[in-house]
Every structure is written in structure tokens, then in C-alpha cells.
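The values are calculated or read from the model by the stated rules, or taken from the named source; none is laboratory data. This one's a predicted model, so the numbers in the text were calculated from it and none came from an experiment. Note that we place each Cβ from the backbone using ideal geometry, even for glycine, and neighbour counts take in every protein chain shown.
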Ligand code: EPS
């Protein structure tokens with residue numbers, strides 16, 4: 001299974017094509033759009049989110065609510081397009097710099113300068129339009145379909161914000177259901193109301209200072225069978241593939257599985273999860289410090305992934321840069337930005353992780369229809385039980 005996306009942040013729409021979804025998967029459109037709306041929320045988002053009301057329109061591969069096995073095409077429209085239809089028109093427009101809103105002042109921390117040099121583009125708008133995190137709207141739509149596929153096999157996915165700047169949330173051991181219930185009610189996707197208040201105040205302060213702030217988000221996946229991914233080849237290690245997917249989210253600078261970097265501090269006896277067995281339950285681990293992975297494969301414990309997002313580089317507080325025309329230094333003034341998009345990034349991470357897991361699931365139990373996959377899955381579970 002794979003997908004590609006196309007579209008610009010101020011273009012007419014984002015488009016994705018998913019290839020390799022089995023037939024006879026019943027899609028819940030409301031649940032799909034619920035995930036898109038979750039991504040738009042969060043304290044610290046800017047004015048753009050008041051313009052957009054994201055919904056996924058499916059324009060291929062689904063009939064009467066059920067997949068046919070054909071590629072699934074998804075469209076997410078940009079409502080903001082109305083204000084950009086000249087500047088972002090695919091047709092040539094009159095050679096008027098004002099109308100074109102040419103960007104020649106690269107913003108530190110963005111793709112602007114590297115992209116301009118690489119693609120030999122003198123209008124950096126061509127870079128920023130595609131490198132924008134707006135693209136995650138349609139990635140969430142693809143991930144939400146993967147999520148529904150996994151849910152058909154009892155897999156549950158949740159997420160939470162662990163840190164925003166200097167404010168860290170206290171640790172918890174909640175199940176995915178509880179986690180989702182509590183974080184859904186939070187403006188910053190944390191479990192603890194006191195932390196929520198502190199984070200909100202912190203974001204407001206940062207915003208007032210014309211600055212931005214990043215954070216750490218966590219995703220938990222419950223209900224996975226043992227043996228997704230493989231140790232036999234580097235590019236089949238599922239933890240490695242999840243790491244790639246998480247790092248590909250705009251502004252992410254690091255990934256951890258389980259205790260992650262803390263494993264470099266602790267001793268072996270404090271890190272590894274002891275193996276247990278119980279009739280009925282089968283094999284399990286006494287703890288889950290390794291976050292559900294050993295040898296690049298799921299071990300049946302919940303998968304726990306963390307990612308760190310840097311502060312959004314579009315600042316009201318200007319940073320120094322150089323104009324690509326004059327090579328003169330300047331300090332940028334910004335029109336519109338998010339002060340903090342960490343809660344939204346938490347939703348994005350859930351969906352890119354869902355995608356990688358669904359992909360590995362299909363590789364292991366692959367089939368063209370849900371029935372065929374279910375038979376393979378049940379057969380494997382019986383084999384594991386007898387082992
Ligand atoms: C983004 C800049 C902002 C964000 C945008 C990502 O958009 P604009 O430049 O139109 O103000 O709102 O995020 C989204 C549109 C979204 O849906 O998440 C950027 O430069 O990455």
C-alpha cells in the first residue's frame with residue numbers, strides 16, 4: 001500500500017491517491033472528517049484555521065461507503081484559495097510583481113532557501129507553498145483510512161502532548177480509550193487539567209512576545225499482534241519505518257520508541273522487558289520500556305512512539321536573513337502564523353504511525369479483500385497461540 005499527495009497550501013486543494021487498499025473495507029466518513037477536524041484544533045493555532053473547515057471528499061475507489069479495491073482518491077479543499085486564485089493560478093498571469101506576491105526573502109528554519117537553490121526558483125513562494133505543513137491535512141486523511149482498516153482488527157490508536165516548551169505533562173499509564181477521552185477534552189491534548197492551564201498561559205505568553213514554541217508528542221497503539229515488521233532486512237524493521245514517517249512530519253527533529261534516549265543512561269537490567277507467560281494470554285512482557293518493539297518487530301505490547309517538534313519558524317519576532325536579489329541582510333516581518341502547533345502535530349503523528357502499521361499489517365496478512373486478510377490474520381493468530 002502506498003500513497004502520494006499533491007497540492008499547495010494556498011492552491012485550490014490537496015489531493016492524495018492511495019493504492020493497495022483491500023476491497024470491502026467499510027468507510028465511516030464522519031469518523032474520517034472527525035480526524036481532520038482534530039488536526040485543526042489546539043491552543044496556539046493562527047487565523048488560517050478559522051478560514052479552513054477541512055473535509056475529505058473521496059472521488060475514486062469507494063462505492064456506497066465501501067472500498068472496491070481500486071485506488072482511492074481524496075481531495076481536501078483549501079477555503080483560503082478564494083484569496084489566492086490570481087497569485088496561485090495555474091494559468092499565466094500578467095507580469096505584475098505585486099499580484100504575484102513574489103517571495104525573495106528566505107525565512108530561517110523553513111525550506112525556502114535550500115529549496116530555492118535546489119530547484120533554481122527565484123520566487124521562493126514555489127517552495128513554501130509545497131513545503132507548508134498544510135499538506136498534513138491530506139496525510140491525516142490517508143492515515144485516517146489506515147486507522148479504520150486497523151480498527152477492523154481491533155487495533156486502537158491514541159495520542160497525547162507530553163511537553164510544550166518548558167511545560168512538561170506528568171506521566172500517566174492510561175489505556176488508549178481513556179487517553180483519547182481525556183485528551184479530546186483538552187485544548188492542548190493533555191490529560192491533566194492543571195498542565196493544560198499552564199500550557200495555555202505559556203503559549204499566550206510566547207505569542208505575546210512574538211515568538212513560537214515546539215514540544216514533544218506521544219502516540220500509543222494497542223492491540224497489535226506480535227511480528228509486524230522483520231529483523232531480516234534493514235528496510236523491513238517497522239520501528240525504523242515509523243521513525244522515518246515521524247521525522248517526515250513538518251518541523252519534527254527527533255523520534256523515540258519507548259524510553260528512547262533514556263536507554264542511553266540506564267543499565268541493561270533497567271531497560272529490558274522481562275518475558276512472562278500465562279495460559280490464555282500467551283507471552284507478554286513484564287514492562288514496556290522498549291515501546292512494543294524488539295528486533296524491528298512488534299512484540300505484542302503497546303507501541304509507544306514519541307516525536308519532538310521544533311518551534312514553528314515563522315516568527316513575528318524577526319530573525320536575520322539575506323535577500324536573494326540584493327544579498328543584503330534584512331529582518332522579516334510576518335503577516336500570519338501559528339505560535340504553537342504541537343497539539344495538531346500530535347494528531348498528525350497518530351496518523352502517520354497508523355499508516356506505517358497498516359502497511360506492515362498488509363505486508364504480513366496481505367490480500368485483496370477484507371475477507372482474505374481476515375482469514376490470513378486468524379490463521380496466524382491460531383499459529384501463535386499453538387506455538
Ligand atoms: C503554515 C503556515 C500557516 C499555517 C499552515 C502551515 O498557513 P498560512 O501561511 O496560510 O497562514 O496555518 O497550516 C495549515 C494551513 C494547516 O492546515 O495546518 C506553514 O507555513 O507551514
> Which residue, of 16, 6, is free of Cβ contacts under 8 Å to residues at least 12 places away in the same chain and over 28 Å from residue 183 (Cα atoms)?
Replying inline: 6
>> I need every pair where a residue in segment 237-261 that is modelled with pLDDT of 95 or more has its Cβ under 6 Å from the Cβ of a residue that is in a loop (DSSP other than H, G, I, E, B) and within 16 Å of the ligand (Cβ to nearest atom), sequence separation at least 6 or different chains.
In response: 251/310; 253/310
>> For the structure I just gave you, tell me whether residue 240 is closer than 29 Å to residue 383 by Cβ and part of a helix (DSSP H, G or I).
In response: yes
> Which residue pairs have Cβ atoms closer than 7 Å, lie 6 or more positions apart in sequence or on different chains, and pair a first residue in segment 39-60 that is on the phi > 0 side of the Ramachandran plot and without any contact (Cβ under 8 Å) to a residue 60 or more places away in the chain with a second residue that is within 11 Å of the ligand (Cβ to nearest atom) and outside any loop (DSSP other than H, G, I, E, B)?
Replying inline: none
> Does residue 54 fit the bill of being surrounded by fewer than 20 Cβ atoms within 10 Å (Cβ to Cβ) and farther than 30 Å from residue 122 by Cβ?
Replying inline: no
> Got a number for residues in segment 109-123 being in contact (Cβ under 8 Å) with a residue 24 or more places away in the chain and either touching a strand residue (DSSP E or B) at 6+ places or on another chain (Cβ under 9 Å) or near the ligand (Cβ under 10 Å from one of its atoms) (or both)?
Replying inline: 2
> What strands (runs of 3 or more DSSP E) completely inside segment 285-375 contain at least 2 residues that are buried (at least 23 other Cβ atoms within 10 Å of the Cβ)?
Replying inline: 303-309
>> Filter segment 42-70 down to the residues that are part of a loop (DSSP other than H, G, I, E, B) and more than 18 Å from residue 7 (Cα to Cα) and list them by number.
In response: 42, 43, 44, 45, 46, 47, 61, 64, 65, 68, 69, 70
> Got a sec? Which helices (runs of 4 or more DSSP H) wholly within segment 124-209 have at least 2 residues that are more than 16 Å from the ligand (Cβ to nearest atom) and surrounded by 15 or more Cβ atoms within 10 Å (Cβ to Cβ)?
Replying inline: 136-151, 176-184, 193-208
> From the list 121, 117, 36, 113, which one is in contact with a helix residue (DSSP H, G or I) (Cβ under 7 Å, 6 or more places away or on another chain) and either under 22 Å from residue 147 (Cβ atoms) or not in a loop (DSSP other than H, G, I, E, B) (or both)?
Replying inline: 36
>> Looking at 324, 357, can you tell me which residue is closer than 20 Å to residue 128 by Cα and at pLDDT 95 or above?
In response: 324
> So which pairs qualify, if the first residue must be in segment 374-387 and at pLDDT 95 or above, the second must be surrounded by 14 or more Cβ atoms within 10 Å (Cβ to Cβ) and part of a helix (DSSP H, G or I), the Cβ gap must be under 7 Å, and the two must be at least 6 apart or on different chains?
Replying inline: 376/365; 377/365; 380/365
>> I need a count of the residues in segment 224-236 that are surrounded by fewer than 19 Cβ atoms within 10 Å (Cβ to Cβ) and either within 16 Å of the ligand (Cβ to nearest atom) or under 20 Å from the mean Cα position of the chain (by Cα) (or both).
In response: 0
> Any idea which residue in segment 61-91 is nearest to the ligand (Cβ to nearest atom), counting only those that are on the phi > 0 side of the Ramachandran plot and surrounded by 13 or more Cβ atoms within 10 Å (Cβ to Cβ)?
Replying inline: 61
>> Let me confirm something: among 46, 7, which residue is modelled with pLDDT under 95, more than 21 Å from residue 150 (Cα to Cα) and either surrounded by 18 or more Cβ atoms within 10 Å (Cβ to Cβ) or under 21 Å from the mean Cα position of the chain (by Cα) (or both)?
In response: 46
